[in-house]
Every structure is written in C-alpha cells, then in structure tokens.
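Trainee: This is the structure I have questions about; it appears just below.
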Amino acid sequence: MTGSEPAASAPAADRITAQLRVIRSGELSPATAQTSGMIRSAAISGDLTGARSLWMGRTELPPGVNSGDHHHGESETGIYVVAGTPVFVCRDPATRELIRLETRPGDYVWVPPHVPHREENPSRDEPAVVVIARSTQEAIVVNVDGL
C-alpha cells in the first residue's frame, strides 16, 4: 500500500468520502434549492459526493434577470464571480437603504448568515455565472417577500 489507497477494512462509505473526486461540469445537479430567476446546480453535496459539512455549486443568472429575494439561513456563503457583472443587493440594517454591490469576474462576495439579498444581472446579453460555497452541507435557501 502506498498510503493513497484506503485501508481494505474501511467501510465503503469511508472509502468513498476519503477519495478525491472530480465533478465534471456536465455532472452538476439541478436537484437543489432554487430561487426565482436563478439556475442553481449542485456540484459538491452529501447526495452527490458524500460531503459532510460543505455545499458547493454554480449559479447562472440569465441576461437582464433579477433573482427573487432570499437568504441562506445559518449558512455563510462565499461567492466567486466567474462571468458577467452581477450586482448583489441587500438592505443596510441601520438606515434601511438598499446597498448595491457591483461585481466583475474574479471578485469574491461574502454573505453572512440570515442576510436577505438578491442578485441582479444588468447585462442585456451576457449571463452572470458564479461559484458558491456554503458552510452548511446542504444548500439552505429561504425565499422571502422583500429585503
């Protein structure tokens, strides 16, 4: 044994979750929580990979579309902008004014737990594509009526 193989006596589930795994773009699953306007796809989750404390996926916002207002419960969310220029909108808790965070490819956005927000795609012809990582194992999405 070279140290890279699992022990022969390890349970099957431990052998599966102890191995590196490549998830190809065509293997992403739409069977995850959704918000209107967005197309979310899971890449790493308990169901797909056996992940125990991480959820990761991809979201696409078509040109000119705004998502519904939502938050992610107890989960912290990290977002990496892959393509497009999505705008992240939330409400300032002190002033109640809307805050608009304009992003571009290569930017990162942190969304704290329980903070209502929405994504907007101001482009008329380019989709906004982001990669999302969550601190909870599944994709918590709570759709709300407003920010």
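Every number in this text was worked out from the coordinates using simple rules, so none of it is lab data. Treat the numbers as computed from the prediction; the structure is a model and nothing was measured. As a convention, Cβ positions derive from the backbone with ideal geometry for all residues, glycine included, and neighbour counts pool all protein chains shown.
Trainee: For the stretch 109-135, name all the residues that are out of contact with any Pro (no Cβ under 8 Å at 6 or more places or on another chain), assigned to a strand (DSSP E or B) and hydrophobic (A, V, I, L, M, F, W, C).
Mentor: Answer for the stretch 109-135, where residues must be out of contact with any Pro (no Cβ under 8 Å at 6 or more places or on another chain), assigned to a strand (DSSP E or B) and hydrophobic (A, V, I, L, M, F, W, C): Val109, Trp110, Val111, Val129, Val131, Ile132, Ala133.
Trainee: Consider the stretch 34-59. How many of its residues are more than 10 Å from the chain's Cα centre (by Cα) and in contact (Cβ under 8 Å) with a residue 24 or more places away in the chain?
Mentor: Residues in the stretch 34-59 being more than 10 Å from the chain's Cα centre (by Cα) and in contact (Cβ under 8 Å) with a residue 24 or more places away in the chain: 14 in total.
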